[in-house]
1. Could you put B:219, B:252, A:14, A:148 in order, starting from the residue whose Cβ has the fewest other Cβ atoms within 10 Å?
2. Could you let me know the centre-to-centre spacing of region A:233-252 and region A:102-176, using Cα atoms, in angstrom?
3. Charges on Cβ only, +1 for Lys and Arg, -1 for Asp and Glu, centred on the Cα centroid of region B:101-215; of B:109, B:168, B:182, which one is farthest towards the dipole's positive end?
4. If you average over every viewing direction, what projected area does the convex hull of the Cα atoms of region B:99-150 give, in nm²?
5. Net charge near residue B:312: determine it from the other residues with C-beta under 11 Å of the C-beta of residue B:312, scoring Lys and Arg +1 and Asp and Glu -1.
6. Give the whole-number value, in cubic angstrom per residue, of the convex hull volume spanned by the C-alpha atoms of region A:194-235.
7. Rg (Å, one decimal) plus Dmax (Å, integer) for the alpha carbons of region A:256-402?
8. Nearest 20 debye, what's the magnitude of the dipole of chain A about its Cα centre given +1 on Lys and Arg Cβ and -1 on Asp and Glu Cβ?
Amino acid sequence: MTNLLIEHGKIAAYDVLPRGDEKIIDATGKIVAPGLVDISAELREPGCEEDETIETGTAAAIAGGYTSIACMPETEPPIDTPAAVEFVRQKAARAKNCNVFVIACVSKDREGKELAEIGSLVEAGAVGFSDGSRPVQNAELLRRALEYCLMFDKPILNHPEVLELARGGVMHEGRTSMVLGLAGLPAEAEDVMTSRDIRLAESTGGRLHLSNISTTGSVDLIRRVKQRGVNLTCSIASANIALLDESLREFDAHCKLSPPLRSRGHLESCLTGLKDGTIDVIASGHTPRASEKKMQDIDLAPFGMVSLETTLSLVITHLIRPGHLDWPAALAKLSTNPARLLGLPKGTLAIGADADVVIVDPDAKWTVDPKQFKSKSSSTPLVGKELCGRVEKVIVGGEVRF
Amino acid sequence: MSTLAADFAHLPAVWKRRHLLDLESLSADEITCILDAAAAFKAATNDCRTKLSVLSGKTLANLFFENSTRTRNSFSLAAKRLGADTVEFSSSGSSVAKGETFIDTAKNIEAMNVDAVVIRHRTPGTPHLLAKNLRCTVISASDGPHEHPTQGLLDIMTIRERRPNLAGLTVALVGDIAHSRTARSNIWGLTKLGAKVILCGPATLVSRRWEEFGIEVAYNLDDILPRCDVLNLLRIQFERQHTRPFPSVREYALLYAMNRERMARAKDNILIMAPGPINRGVEITPDVADGPHSVILEQVTNGIAVRMAVLWLTLNAND
């Protein structure tokens, strides 16, 4: 039995006897962990408030055990000015849910043509740079961005996808897409860009994070390059640790995700990559889209799902319980690693650290019902699925927020 | 061929489905059931000319989000031959252009108390989605490149009239397999009934992955031609491509068009089919399209028979 004392918003001490005036939380039989840190959630505000707002998105984060999230510039206009960074930070402070850190655009207006004012954006508080769902197609621009970011020691998050190979696709290209007649997103659309990005990271020495990888090719390439000691990290979105392209058999637009749900071989490669440390981070992949958009036919419906409130349970159900990862390894990928690679003083319960804590009942079973979500959107391929593990309490900076 | 009573009073015991969405999910018995009913309707209506009243009082809505003349008229005629009323909706003339989702459009039409919706849409799976969202019968009139179940059925009916035993027949589907709904419906229907299917076309339009389903894939038409009992020549769907999958129409015709020279090397009793609209000079030369082996116009007549059978079966399973 261990006691953990939180004082003045910090982790103060372990194994001290209660003085009697503290608020006591009994976590017997529960997992007490550093609050989760998401590396790339979409909050959609400003501009796409029909999908999510900073207030609802951070409430969803808290409900899912996240005490810090980094939000993507997947907004309208995209976050490419210091004022836009400031707007998000102020809104987040007012919402008073979890900590929010801003990932700003690599290129102006996410057009992939000219660098955004990266230095000013760092000054305003940006912790990383990404063009989100519009990966940088221009190799010269990415090379410049990787070099330029060296001055500020900030990572570039690029989702590897060659657009001309992926154009028009709605699901993983394979046996299932062939039978269904749905346009495919081939694995090589990812592999080709992963390969290019790795070369650029290696030659520039820049800090590259490959976001949301999903293919055997990516995992193999990244494993090899890490063995050579190149400074490179990568993440996988939560849906890609659990679901297969066969989920699209019912033509359900809720299963239309980017990166797409892949076939079993790719999923197994990703599991191996998670186990051997090739994949550093498990991201929520939170990409909320309003239900009226998802109600369109599958060709028109946008990519995306809400996942801040299901990621931890998905990890417990599909990685921890089957024995792919133990709790420390899982928490490293959900909290410690993302915090470290964004340079945040989070993801730890060391004495003196911010008291961002999540308490989890690892055995509680629950059934996914989007009506219970705090998120403004409800689209998820997990409707009706039974998952293991529930968030019981969330403490942010010493304050109980859930 | 048929054991159906002439008055079509009772549904065959094997038929339980309220919808026809694809052929992949049907059993061989269910497909045979539709084909038998189609043959019986064709006989009972003097080759789809005269009227019956087995569906009087029923209303069918044609909900076409993609252009169609043949299939839409075929469904309308089938419904009218059986005494049902029809209502026509097309995307250009409805609120779809105003941004309404297709599910809302369909729900509005259902609220007018129609008994069946026939849907054609450019997106795979839309009939399946409608079947989940509507209470009435849903019949697919094709969903993008996925399936065109009544086309598959009418193709098989046409083959069966000439070759009653499908088991052991070799049927080649030639052309743009990747974007062809006709191909997918034929693949499932024919293989379930025991025929051997060969897919033939340029490598950019025929996936080798079909071999995982025990289907032969060939790039060279001349290699497989002597073995074929039936050729089904599919149209190149230029409208569904980003970049052209072959260098020129001329080169495609050189490699895949059925012409007099190729006919000379085919079996004497080969059947030439095409789902239409045909591109004369691309996949088929006029002399072959109009020649003695061509059953292209029989396919059109059988389309009405098959659609009568499908309407009768699904609408009565609905009761």
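1. Ranked by crowding around the Cβ, least crowded first: A:14, B:219, A:148, B:252.
2. 23 Å
3. B:168
4. 3.4 nm²
5. Its environment carries a net charge of +3.
6. In region A:194-235, the Cα hull volume divided by residue count equals 54 Å³.
7. Using the Cα atoms of region A:256-402, the pair Rg, Dmax is 16.4, 52 Å.
8. Computed charge dipole of chain A: roughly 580 debye.
Read-outs: derived from the displayed coordinates by stated rules, not from any lab. None of the values given here were measured: they were computed from a predicted structure. Here Cβ is always computed from backbone atoms with ideal geometry, including for glycine, and neighbour counts include all displayed protein chains.
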